[in-house]
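Enquirer: Attaching a single structure in structure tokens format; questions to follow.
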Amino acid sequence: MSTMQATHNGVSTEELTALMDKVKATPAMGKLMFRSRSKWINGAHSQSTFDSHYALGKEHKRNTPVFLEADEPATLLGTDVAPNAGEAALHALTSCLNVTYAYNAAAMGIDIHSLSFDVETDTDLRGFMELDKKIRPGLSQIRVKVNLACNGTPQQVKELHEAVIRTSPLYDTFKNPVDIKMKY
């Protein structure tokens, strides 16, 4: 007789539990390091390469590097061939939220039928252009509307939302200052 492995949201709960047990037993296994190399192409256009990371106590190399590009829309003097950095930041946040919802829901035995996010952010060019020293050049607020359909009870859905806010790495990164060290 074969045993069926429980899967929720494309996530094997057996593998998720095994990973959690591994990190619980050996906390150093939880340390991760992600890297990228980015190069300027022309104007506002750039490209980042992602080919390796450190996880579960060792280095991992991708078989094929992954590339992301960035540009600015024509209204901001770019060639509009890729999202700009602000849009990429929204993508980074929501891609992390997607994983965090899927994994937390799987751990709770909840099946997600659909999940999407409507996201907006604001910034002010006067800060980037140093036209007003009182205005920061960065994003001032990110608004996220979560659109979730699942088989969880209202209480489970509330607990899922709370778990995502507690455990999403990029939600935490955006909410709290992160030390950035630049060498040049």
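Enquirer: Counting helices only, and only those DSSP H runs with n ≥ 4, report the 222 nm mean residue ellipticity of the chain as the sum of -39,500 (n - 2.57) divided by its residues, in deg cm²/dmol to the nearest 500.
Expert: Working: 5 runs with 61 residues, N = 184.
Theoretical 222 nm ellipticity from helices: -10500 deg cm²/dmol.
Enquirer: How large is the accessible surface per residue of the chain, computed with a 1.4 Å probe and reported in Å² as a whole number? It would help to have the intermediate numbers written out before the result.
Expert: On the way: 13490 Å² over 184 residues.
That works out to 73 Å² for each residue.
Enquirer: Same structure again: Calculated FRET efficiency, residue 26 and residue 120, Cβ-Cβ r, R0 30 Å, to nearest 0.05?
Expert: Details: r = 41 Å, r/R0 = 1.36.
Efficiency, rounded to the nearest 0.05: 0.15.
Enquirer: Could I ask something else about it? Based on the Cβ-Cβ distance of residue 87 and residue 66, what FRET efficiency does E = 1/(1 + (r/R0)^6) give at R0 = 22 Å, to the nearest 0.05? Each step should come with its number before you reach the end.
Expert: Working: r = 18 Å, r/R0 = 0.81.
The calculated FRET efficiency here is 0.80.
Enquirer: At 7 Å along the Cα-to-beta-carbon direction for both residue 173 and residue 133, put a label point, then send me their distance in nm to one decimal.
Expert: With each label point 7 Å from Cα toward Cβ, the separation is 3.2 nm.
Enquirer: In percent, what relative contact order does region 1-160 have, based on Cα pairs under 8 Å that are 6 or more apart in sequence?
Expert: 17 percent
Enquirer: Would any residue of region 13-33 have its amide N under 14 Å from a label point 7 Å out along Cα→Cβ of residue 59? List them or say none.
Expert: Answer for region 13-33: 33.
Enquirer: In degrees from 0 to 90, rounded to the nearest 10, what is the angle of the helix 13-25 Cα long axis to the longest principal axis of the chain?
Expert: Long axis of 13-25 versus the principal axis of the chain: about 80 degrees.
Enquirer: Pop a pseudo-label 7 angstrom from the Cα along the beta-carbon direction at both residue 18 and residue 141 and give the gap in nm to one decimal.
Expert: 4.6 nm
Enquirer: With every protein chain present, what accessible area does residue 62 have (1.4 Å probe, heavy atoms only), rounded to the nearest 10 Å²?
Expert: Spelled out: residue 62, probe radius 1.4 Å, area about 110 Å².
Enquirer: Then there's this: With a 1.4 Å probe and all protein chains left in place, how much of the accessible area of the chain comes from carbon and sulfur atoms, in whole percent?
Expert: Values: 7740 of 13490 Å².
Whole-percent figure for carbon plus sulfur exposure: 57.
Enquirer: Along Cα→Cβ, 7 Å out, is where each label goes; now give me the distance between the ones at residue 184 and residue 46 in nm to one decimal.
Expert: With each label point 7 Å from Cα toward Cβ, the separation is 1.1 nm.
Enquirer: Continuing with the same structure: Looking at region 82-184, which GluC sites (Glu not before Pro) are in a loop (DSSP not H, G, I, E or B) and have at most 12 other Cβ atoms within 10 Å? Please list the in-between numbers first.
Expert: On the way: sites: 87, 120, 130, 159, 162; in loops: 130.
Passing both the DSSP loop test and the Cβ count: 130.
The values are calculated or read from the model by the stated rules, or taken from the named source; none is laboratory data. Please read all numbers here as calculations on a predicted model, not as lab measurements. Reconstructed Cβ throughout: ideal geometry from the backbone, glycine too, with neighbour counts over all protein chains shown. Heavy atoms of the whole protein, side chains included, go into the accessibility calculation; ligands, DNA and RNA do not. Shrake-Rupley method; radii C 1.70, N 1.55, O 1.52, S 1.80 Å.
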